[in-house]
Amino acid sequence: MKFLIKLFLFLPLFTIGQNTYEIAVLKYNGGGDWYANPTAIPNLITFANENIGTNIKAAPATVEVGSSDIFNYPFLHMTGHGNVVFNASETENLRNYLLAGGFLHIDDNYGMDAFVRTEIKKIFPETKLVELPTNHPIFHGKYEFKNGLPKVHEHDASPSQAFGIIIDGRLVCLYTFESDIGDGWEDSEVHNDSEYIRLKALQMGANILEYVFTN
């Protein structure tokens, strides 16, 4: 119950503007580069604070997947290119966090898909990872994405897709695939993406944050 209360305190993000909130990058084991895209989340926070009225601390925290500290953050972001492994206690910890009201965004930075799907199934073996339709509210928040998840980088000539774990009608985990949306949040000189691509990536990221704090 204390974890649920902790998370509930973060939910009125858009009505208690004087409070400051904090989100976190998830550190995991297995050898994958969980620390990829270091400028992405700070830039997304700045964009959201300036454009959709959030009041999130500028620097995200880093939290280990097996730590009880994850319950201090309403939003966790996870990315990388390689292997991901959750042990039994980490799996239980993340499951409890998500069932208590937390939210996990996983962004495949290219190369983690096969691994992360296995780990998601360990967390919710009874629930399928489903593709979100283009009419899902996450694509129709402050910014309109009638065609769904924007494409930032091309890898395998596949369309960008957004998958989710939905529990009792609530999206608790968002997995963005073949989009590289986090690359679009990075400083412009990192990937030399156009301003248009970066703007669309940041707008979609703002929609994700908006969805998390208003649903």
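Only the coordinates and a few stated rules stand behind these numbers; no lab work does. Keep in mind that what you see is a predicted model, and the values were worked out from it rather than measured. Methodologically, a virtual Cβ is constructed for each residue, glycine included, from the backbone with ideal geometry; neighbour enumeration extends over all protein chains shown.
General observations
- In the set 74, 60, 42, only one residue is within 27 Å of residue 125 (Cα to Cα) and surrounded by 15 or more Cβ atoms within 10 Å (Cβ to Cβ); that residue is 74.
- Output for region 56-69, where each listed residue is closer than 30 Å to residue 89 by Cα, in a loop (DSSP other than H, G, I, E, B) and among the small types (Gly, Ala, Ser): 59, 66, 67
- On inspection, residue 53 fails the criterion of being more than 16 Å from the chain's Cα centre (by Cα), touching a residue at least 12 places away in the same chain (Cβ under 8 Å), outside any helix (DSSP H, G or I) and crowded, with 16+ Cβ neighbours inside 10 Å.
Matching residues to (1) within 21 Å of residue 68 (Cβ to Cβ); (2) basic (Lys, Arg); (3) touching a residue at least 60 places away in the same chain (Cβ under 8 Å):
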residue: 84; (1), (2), (3): yes, no, no
residue: 88; (1), (2), (3): yes, no, no
residue: 105; (1), (2), (3): yes, no, yes
residue: 110; (1), (2), (3): no, no, yes
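- Residue satisfying all of: in region 80-109; assigned to a helix (DSSP H, G or I) and of a type in the set (D, E, K, R); surrounded by the fewest Cβ atoms within 10 Å (Cβ to Cβ) among these: 92
- With a requirement of 1 or more residues that are touching a residue at least 40 places away in the same chain (Cβ under 8 Å) and over 20 Å from residue 79 (Cβ atoms), the helices (runs of 4 or more DSSP H) lying completely within region 133-214 that satisfy it span 195-214.
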